[in-house]
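Contents: one structure, followed by commentary.
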Amino acid sequence: MHASCALYGVSGAGSNFRVTPIRLELDRGAKSGAITVINEGTETMNFQVSVSEWTQDDKGKDVYADTADMIFFPKILSVEPRGQRVIRVGTKGPSPVKEKTYRLFIEEIPAPATGQAKQSTLSIAIRFAPPIFRVPVSPQRSGTIERADVSRGVITAVVKNTGTAHFLISSITARGIAADGSEVFSLDVKGWYLLQGASRTYEITVRWRSASVRPGSISPCSRTRSH
């Protein structure tokens with residue numbers, strides 16, 4: 001029996017390896033970079049490596065596709081106990097006008113089970129996917145909340161990236177203000193990367209605590225970081 005799980009850029013519970021750095025930014029001054037795989041366990045670990053172009057659809061969901069834009073090696077590697085190996089990554093062509101984004105998938109190849117363990121062991125493959133950003137010639141980071149409304153106790157907010165580079169939404173906060181100006185509630189939802197040109201819809205379910213709170217008195221706001 002085999003199962004796999006993806007842990008994007010952070011060390012997961014039970015994993016014996018980590019990667020550093022957790023993201024790469026490549027520009028005109030640095031068309032190549034390196035990611036180090038560190039084995040913190042007591043047994044040799046094997047990995048397979050691949051790269052995909054990373055975009056987002058009209059709902060902000062991540063989409064991955066094959067790409068020939070990136071060069072990387074090795075594609076298969078072994079890391080000795082307490083050891084480390086370097087994966088080198090490079091780009092083709094000039095810097096883009098708008099940022100291009102990729103994910104480098106580093107997936108553990110589980111050791112084959114033997115004997116009785118072969119019948120009963122559940123093998124878990126841990127996968128890291130650090131993002132790679134090809135920085136545009138003139139990066140601009142800007143965004144807007146295109147739409148915000150409430151219906152049947154659900155707040156909907158659409159955030160759009162209007163710049164030429166990604167940004168990271170830390171959280172979306174919805175605040176309810178009563179007629180007397182007091183805050184009735186404040187709710188947060190976790191954000192994520194928003195790539196250039198993409199939009200993402202956030203929904204927050206509200207349980208009304210006061211009859212004086214009206215849909216028009218709800219205001220969403222977002223907190224963002226550049227990485």
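Here, each number is a calculation from the coordinates, and none is a lab measurement. The shown structure was predicted, so the numbers you read here are calculated from the model rather than taken from an experiment. No Cβ is skipped: glycine too gets one built from the backbone with ideal geometry, and neighbour counts run over all protein chains shown.
Summarising the label geometry, the points placed 7 Å from Cα in the beta-carbon direction at S50 and V154 lie 3.3 nm from one another. As a calculated quantity, the FRET efficiency between T201 and Q140 at R0 = 30 Å, using C-beta atoms, amounts to about 0.85. Counting only residues at least eight positions apart within a chain, or on another chain, the lysines with an alpha carbon under 20 Å from that of K61 are K98, K100, K160, K190. Expressed in nm to one decimal, what extension gain is obtained for the pair A30 and R82 from 0.36 nm per residue of sequence separation less their Cα-Cα distance? Result for the pair: 15.8 nm of gain on full extension. Run the paramagnetic zone check for D58: 7 angstrom along Cα to Cβ, then residues of the stretch 142-171 with backbone nitrogen under 16 Å. Of the residues in the stretch 142-171, 147, 158-161 have backbone N under 16 Å from the label point off D58.
Multiplying the sequence separation of T42 and T20 by 0.36 nm and subtracting their Cα-Cα distance, what value in nm do you get?
Net length gain for the segment: 6.0 nm.
Length gained on full extension, T173 to K75, computed as 0.36 nm times the residue gap minus the Cα-Cα distance: 31.1 nm.
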